[in-house]
1. Could you work out the relative contact order of the chain, using alpha carbon pairs under 8 angstrom and six or more residues apart, expressed as a whole percent?
2. Divide by every residue of the chain the summed helix terms, -39500 (n - 2.57) for each DSSP H run of at least 4, and state the resulting mean residue ellipticity at 222 nm, rounded to the nearest 500 deg cm²/dmol.
3. By how many degrees, 0 to 90 and rounded to 10, does the Cα axis of helix 20-44 deviate from the longest principal axis of the chain?
4. Tell me the volume per residue, in Å³, of the convex hull enclosing the alpha carbons of the chain.
5. Neighbouring Cβ atoms within 10 Å as the yardstick, rank SER73, SER48 fewest first.
6. Out of residues 5 or more away from GLU4 or on other chains, whose amide H comes under 5 Å of its own, with H placed 1.01 Å from N in the peptide plane?
7. Pick from ALA32, ALA60, ALA22: which is most flexible by mean-square fluctuation in a GNM of the chain where alpha carbon atoms under 10 Å apart are linked?
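Read the figures in this text as sums done on the coordinates, not as results from a lab. Not measured: the values here are computed from a predicted model. Cβ: placed from backbone, ideal geometry, glycine included. Neighbour counts: every protein chain shown.
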Amino acid sequence: MRPECPQCRLKFEREQGFFVGAIYLNYGATVAVAVPGFFILNYFTEISVLQQLLLWGAFAAVFPLFFFRYSRSLWLSLVYIFVPDETPSHRVVKR
């Protein structure tokens, strides 16, 4: 990931550990898909609980790897909207 936007010079990582919130978003998205998915499959299919645990365990291991890029982007967007940084290096530079 680039350290700043090439257009407006917005610094993406404001401090060390800035994207820890993205890890929480990633975890939340994984749980929000896996838990209801388990109960929906349990209700509508004849798959055993052990097979479902294996299926959703594999999902919970692979999905965060795929979704992490999007969780970082979502975290950056949320922070930019709710906690804007007003330092001059973060303002739009007109060319």
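1. Working: 63 pairs, mean separation 44.6, N = 95.
Reported relative contact order: 47 percent.
2. Theoretical 222 nm ellipticity from helices: -22500 deg cm²/dmol.
3. 20 degrees
4. Working: hull volume 11.0 nm³, N = 95.
About 115 Å³ per residue, rounded to a whole number.
5. Values: SER73 14, SER48 10.
In increasing order of surrounding Cβ atoms, one gets SER48, SER73.
6. Residues meeting the criterion, in which the H sits 1.01 Å from N, are PHE12.
7. Largest GNM mean-square fluctuation: ALA32.
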